[in-house]
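Enquirer: Following this message is one structure expressed as structure tokens.
The values are calculated or read from the model by the stated rules, or taken from the named source; none is laboratory data. Values in this document were obtained by computation on a predicted structure and should not be read as measured data. For neighbour counting, all protein chains shown are included, and Cβ atoms are generated from backbone atoms with ideal geometry for every residue, glycine included.
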Amino acid sequence: MARLDRAAGWRPRRLAEKYWLLALGLAAWELSGALGLTDPAFVPSLSQTLSATRELWERAFLFNHVMVSLTRVLIGLIMALAVAVPFGYALGRAFPAAAEALGPLLRVFGLINPYCLFPLFVVFFGSGETPKIAVLAWVSLWPIFFSTLTGVRNVDPVLLDTGRSMGAGKLTSFLRIVLPAAAPQVFSGLRIGVGMSFFILIAAEMTGATAGLGWIIHSAGALYQVPRIYGAGLCVVALGVGLNRFLVFLQNGLFFWKESVDPLLGAERPSQGGKRISSLKIALALAAFLLVLAVGVHEIILAEVRLNDPTAIPEYRVWSR
Amino acid sequence: MKITADTFWDLFYKVGSIALFVLLWQLGCLAGILPKTFVASPVTIVETLWQYLNDGSLYKHASVSLLRAFYGFILAALVAIPLGFMLGGWFKNFERVFNPLLVFLGQFNPFALFSVFLLLFGIGEFSKVAMIFWVSIWPILLNATLGVKSVDPSLIKLARSMGMGKPGLLAKIVIPSSAAFLFNGLRMAAGTAFFMLIPAEMMGASRGLGWLIINAQINYQIPKLYAGTAVIVVFGILIDKFFRYLEKITVTWKEAQAI
């Protein structure tokens, strides 16, 4: 138990202190439904919502839709990382003058409302997966790029000088000093990017998709299936919060020398440092990542077929046509 | 003002890259590298904007959008600032209990709620304003709470020992020293409000800038699509700049927080 105790969030008392209000809220939700205080046509109770989620899971391929949504986020993220990190390092380290000259233009790009680019991307890329993934890549690109740039610029010059006086060449000092020193910042940018792209994803799926969580919500709304809206909404919330937790866990483990990040506030927790993550856990996380990617791509390809499955809820089959 | 080499380079660094980008865009369109069916040239965009400005439709859609964002934002500020002050100042234990719930609520995906808001409030203006209210309340609330919590306690003790009452404490110590946080929260909220307004208008509206561009996309009116996008981009940047400027001229005693 000692190991669990060190990660302060796991102590039962702290857990209770943090979440009793949430539990109370959920209980109040259920009770107000049971006592007839809320109109089930608009606000179904917690148990009704959960049974709707179960129904979606069993008869509307909820799992597959979740995988589709997650994969879109992941592919967008990989594309954004592939562009933003090298450019951030290059502009921050090798071409600072270019970074200064390009700065205003890039800032304008970063301030562009990503959602208003969605119609443009539809015009460019047609109506398949590409415009959605392009929007997600665009959304996560800028936070990652700017935090990489800041991270690379704010590398402690003393560290670089020390390295140089010990005879480290350019390559060595880049690999051993700049890269790890800026990595926590890059990861913070990544976390912001994932959060924002998950926001945008649901909206993108609501306007033009045939699979994904946003599509489930949208079609349930169009069919006036209120418990299903809440059921799928619950999934979106759980997935968003879970994704954030997972990234915070990774960040605290990977950059254990930094102050740890509070999963709720997203701000740095003072007092305690993180605990180093074992390489087994990193390998597991990577494997899970690849698994989600593989399953999700498979599901995206299968999405149209699934909709024609006779065991699915009939309305969903009709809606897809 | 004397124009020296320095001011020239200053200006170059500020707008040079943007001007170059627009110039290349225009040249690409003129040379035919960028296909006309997909990309409208900057000159065409300006012409389209001028046309919409003259027939009043731009004004109509922009004012509808801005009013929605404004109402949602003002309502959120009116609720969140006093609530944040109370949570951060007077009911500290209350805040410790409530904060996880509030942060959790803030992480809710607003689009999962949009369908619910449509159900609860109908398809009129109110559901959109409710959505803007929902997304802008969290940054303001969190920053107001943080701001009040970060007030130097020795300042409060000092003021109290000099016989200052609660209203004076609030007006002279608490509000000034948490103002930087407050402005930060307001700026983030205004940005988010405008940011979320566009998809909300795309999904369920018949007026507004979001509707303008989704309608242009459906009807394949490329110049209109680009013109609407340009207006949204400019408004987004102006809102950000406006709040930064407001913070700079009002919170003169505190160094700007770089976030």
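Enquirer: Return the residues of the stretch B:216-231 that are among the hydrophobic types (A, V, I, L, M, F, W, C) and more than 8 Å from chain A (Cβ to nearest Cβ); say none if nothing qualifies.
Expert: Those that are among the hydrophobic types (A, V, I, L, M, F, W, C) and more than 8 Å from chain A (Cβ to nearest Cβ): B:218, B:227, B:230, B:231.
Enquirer: Also: Working carefully through the options B:175, B:123, B:132, find the one that is farther than 29 Å from residue B:244 by Cβ and among the aliphatic types (A, V, I, L, M).
Expert: Sole residue among the options that is farther than 29 Å from residue B:244 by Cβ and among the aliphatic types (A, V, I, L, M): B:123.
Enquirer: Starting from residues that are assigned to a helix (DSSP H, G or I), surrounded by fewer than 18 Cβ atoms within 10 Å (Cβ to Cβ) and among the charged types (D, E, K, R), keep the ones in the stretch B:222-259 and report whichever is modelled with the lowest pLDDT.
Expert: Per the criteria, the residue is B:248.
Enquirer: Residues that are basic (Lys, Arg), within 21 Å of the chain's Cα centre (by Cα) and surrounded by 19 or more Cβ atoms within 10 Å (Cβ to Cβ): does the stretch B:64-75 have at least one? Reasoning before the result, please.
Expert: Our first condition is that a residue be basic (Lys, Arg); within the stretch B:64-75, this holds for B:68.
Filter once more, so that each one left must be within 21 Å of the chain's Cα centre (by Cα): B:68.
Filter once more, so that each one left must be surrounded by 19 or more Cβ atoms within 10 Å (Cβ to Cβ): B:68.
Checked against the condition, which is being basic (Lys, Arg), within 21 Å of the chain's Cα centre (by Cα) and surrounded by 19 or more Cβ atoms within 10 Å (Cβ to Cβ), the stretch B:64-75 yields at least one hit.
Enquirer: Name, by its number, the condition in (1) under 20 Å from residue B:120 (Cα atoms); (2) part of a helix (DSSP H, G or I) that does not hold for residue A:65.
Expert: With respect to (1) under 20 Å from residue B:120 (Cα atoms); (2) part of a helix (DSSP H, G or I), residue A:65 is out only on (1).
Enquirer: Just need a number here: residues in the stretch B:58-90 that are farther than 23 Å from residue B:152 by Cβ and without any contact (Cβ under 8 Å) to a residue 40 or more places away in the chain.
Expert: Total meeting the criteria: 6.
Enquirer: Yes or no: residue B:51 assigned by TED's automatic domain parsing to the domain that holds residue B:231 and of a type outside the set (Ser, Thr, Tyr)?
Expert: Yes, satisfied.
Enquirer: I'd like the residue in the stretch A:77-105 that is within 24 Å of the chain's Cα centre (by Cα) and closer than 19 Å to residue A:154 by Cα and, out of all such residues, is farthest from the other protein chains (Cβ to nearest Cβ).
Expert: Of the stretch A:77-105, the ones within 24 Å of the chain's Cα centre (by Cα) are A:77-89.
This time we only want the ones that are closer than 19 Å to residue A:154 by Cα, so: A:84-89.
On the way: A:84: 18, A:85: 21, A:86: 20, A:87: 14, A:88: 17, A:89: 20 Å.
If we take residues in the stretch A:77-105 being within 24 Å of the chain's Cα centre (by Cα) and closer than 19 Å to residue A:154 by Cα, then A:85 is farthest from the other protein chains (Cβ to nearest Cβ).
Residues checked against (1) farther than 17 Å from residue A:83 by Cα; (2) aliphatic (A, V, I, L, M); (3) touching a helix residue (DSSP H, G or I) at 6+ places or on another chain (Cβ under 6 Å); (4) at pLDDT 85 or above:
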residue	(1), (2), (3), (4)
A:140	no, no, yes, yes
A:146	no, no, no, yes
A:216	yes, yes, yes, no
A:232	yes, yes, yes, no
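Enquirer: Considering the stretch A:106-130 alone, what residues qualify as being more than 9 Å from chain B (Cβ to nearest Cβ) and in contact (Cβ under 8 Å) with a residue 60 or more places away in the chain?
Expert: Of everything in the stretch A:106-130, those that are more than 9 Å from chain B (Cβ to nearest Cβ) and in contact (Cβ under 8 Å) with a residue 60 or more places away in the chain turn out to be A:127, A:129.
Enquirer: Looking only at residues in the stretch B:16-56 that are among the polar types (S, T, N, Q) and either free of Cβ contacts under 8 Å to residues at least 40 places away in the same chain or not in a helix (DSSP H, G or I) (or both), which one is farthest from the other protein chains (Cβ to nearest Cβ)?
Expert: Checking each candidate, the answer is B:54.
Enquirer: Taking the condition within 22 Å of residue B:235 (Cα to Cα) and out of contact with any Cys (no Cβ under 6 Å at 6 or more places or on another chain), does residue B:75 pass? Outline the logic, then answer.
Expert: Numbers: within 22 Å of residue B:235 (Cα to Cα): yes; out of contact with any Cys (no Cβ under 6 Å at 6 or more places or on another chain): yes.
Against the criterion (within 22 Å of residue B:235 (Cα to Cα) and out of contact with any Cys (no Cβ under 6 Å at 6 or more places or on another chain)), residue B:75 qualifies.
Enquirer: Let me ask another. Working only within the stretch B:139-154, note down all residues that are surrounded by 22 or more Cβ atoms within 10 Å (Cβ to Cβ) and within 14 Å of chain A (Cβ to nearest Cβ).
Expert: B:139, B:141, B:142, B:143, B:145, B:147
Enquirer: I would also like to ask the following. Mind listing just one residue for me: the one in the stretch B:196-213 that is surrounded by fewer than 24 Cβ atoms within 10 Å (Cβ to Cβ) and not small (Gly, Ala, Ser) and, of those, farthest from the other protein chains (Cβ to nearest Cβ)?
Expert: Among those that are surrounded by fewer than 24 Cβ atoms within 10 Å (Cβ to Cβ) and not small (Gly, Ala, Ser), it is B:207.
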